[in-house]
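Q: Sharing a structure here in structure tokens format.
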Amino acid sequence: MKILYLSTPSFADCDFPLIKEFIRQGHDITYLITLTPYSLKSTLFNIEKQLPCNDIIPASKYKELYIYSEYMNLDKVFIVNRTSPKDSSLNNLKLTLILYTFIKKGKFDIIHTDCFLKFYDTLLYRYKNKLVQTFHDPFPHSGERSMKSDLFRHLAAKLSKRIILLNEKQKKQFAKLYKININHIDINKLGIYDCIRTFKIQQSSPRNSHNILFFGRISPYKGIEFLTEAMIKVHEVIPDATLTIAGGGKLYFNFQKYSNQKYINLINRYVDMEELAHLLQKSEIVACPYTDATQSGVIMTSYSLCKPVVATNVGGLEEMVDNEKSGILVSPKDSDALANAIIHLLKDEELKKQMQDYIKEQYFHREKSWQNIVAKYICIYQNTQK
């Protein structure tokens, strides 16, 4: 079976370990990453300048990706190098024809994508009988909905042979919203985003005493205002507790009242993977105070360094955090519940150790490992071919 996996830098932290496991198991897979002027700095990508060629090129052409050559064989990884920022530009249309020819010559049995095909990619729906679509976010986040994104979501739902969701909870709602047969939907899980372990973390560097870390793009649905409010109570009970907020994006709430609080540190910019690795290593707990979500790469990145998570029980998060085993779940928009959960974990060293051991066992070796996830994908692909 020949597999083509088409994605974007936004999901590279998720895709790299998945592709690595496909290769390790001996599957014939080609991985294409669509790079645009807007995605040069995203998850694992930290590219200073896009190459001027409008073509499909080996990933090794970008020196910034060399760091992952020991993590994964890059020979089967290619960049769809879209240099024009305009969807309907002549260059993008030409590159779509190049991509279409690449797929045709490759004679792939399965085309799997985890990004919504844009205007210039819709030609690929000619291969809809081979097309498997993963929906990382089956429903738009609060405040991020648009007619354009809705159109591409509906096209993906209607024209794909199989749909993959990452949690069971939203399966019925998804089928109803997009008016598709529920039997065309499969469920698979995310494994740990362990590319972050590529970066050399100095084990000798001291962990910040009782530091809680929030990281990722700042957006209204992330609920950061409830976390900062919770930290007031946490700091009163545990005076050396600190909070680090790391991520780019506009601060959508009044952060000014916390700016003089030395126990809250804001890094309001893009944080590359090397810096994130050090922030995560020095932290004790990761917080995900989201008001809505379908899944979270933050949780899977945290698990890669065996960090327990305090998260809200929204969307698919309650399927990603095993309550009292890999973290603690609380209700959304509840600062007191967040504070109590954080205090509970910070005070209970034995519980934290149990959670770390559970994460290591389940995600590195057992049911939730990439090995099992890839095996499930192969079954889905085989069903797609029937």
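The values are calculated or read from the model by the stated rules, or taken from the named source; none is laboratory data. Fair warning: this is a prediction, and the values are worked out from it, not measured in the lab. With ideal geometry, Cβ positions are generated from the backbone for all residues, glycine too; neighbour counts draw on all protein chains shown.
Q: Given the criterion touching a residue at least 40 places away in the same chain (Cβ under 8 Å) and closer than 20 Å to residue 369 by Cα, identify the matching residue among 41, 20, 76.
A: Working: 41 fails: closer than 20 Å to residue 369 by Cα; 76 fails: closer than 20 Å to residue 369 by Cα.
Exactly one residue qualifies, and that residue is 20.
Q: Can you work out which of the residues in region 166-197 that are assigned to a strand (DSSP E or B) and without any contact (Cβ under 8 Å) to a residue 60 or more places away in the chain is surrounded by the most Cβ atoms within 10 Å (Cβ to Cβ)?
A: Here the residue is 185.
Q: Continuing with this model, one more query. Mind listing whichever residues of region 218-240 are within 14 Å of residue 340 (Cβ to Cβ) and in contact with a strand residue (DSSP E or B) (Cβ under 7 Å, 6 or more places away or on another chain)?
A: 227, 231
Q: If I ask for residues that are free of Cβ contacts under 8 Å to residues at least 60 places away in the same chain, in a loop (DSSP other than H, G, I, E, B) and under 29 Å from residue 162 (Cβ atoms), which ones from region 89-120 would you list?
A: The answer is 116, 117, 118.
Q: Same structure, new question: With respect to residue 106, is the statement that it is surrounded by fewer than 20 Cβ atoms within 10 Å (Cβ to Cβ), within 24 Å of the chain's Cα centre (by Cα) and either under 30 Å from residue 333 (Cα atoms) or not hydrophobic (A, V, I, L, M, F, W, C) (or both) true?
A: no
Q: Just name the residue that is modelled with the highest pLDDT out of those in region 145-177 that are more than 22 Å from residue 15 (Cβ to Cβ) and hydrophobic (A, V, I, L, M, F, W, C).
A: 175
Q: Which residues, taken from region 197-221, are β-branched (Val, Ile, Thr) and modelled with pLDDT of 95 or more?
A: Within region 197-221, 212, 218 meet the criteria.
Q: May I pose another question? May I ask you to say which residue of 310, 321, 314 is in contact with a Leu (Cβ under 6 Å, 6 or more places away or on another chain) and assigned by TED's automatic domain parsing to the domain that holds residue 287?
A: Values: 310 fails: in contact with a Leu (Cβ under 6 Å, 6 or more places away or on another chain); 314 fails: in contact with a Leu (Cβ under 6 Å, 6 or more places away or on another chain).
321 is the lone residue from the list that is in contact with a Leu (Cβ under 6 Å, 6 or more places away or on another chain) and assigned by TED's automatic domain parsing to the domain that holds residue 287.
Q: If you go through region 243-260 one residue at a time, do you hit one that is in contact with a His (Cβ under 7 Å, 6 or more places away or on another chain), assigned to a loop (DSSP other than H, G, I, E, B) and in contact (Cβ under 8 Å) with a residue 12 or more places away in the chain? Give the steps one after another, and end with the answer.
A: Of all residues in region 243-260, those in contact with a His (Cβ under 7 Å, 6 or more places away or on another chain) come to none.
No, there is no match, as no residue in region 243-260 is in contact with a His (Cβ under 7 Å, 6 or more places away or on another chain), assigned to a loop (DSSP other than H, G, I, E, B) and in contact (Cβ under 8 Å) with a residue 12 or more places away in the chain.
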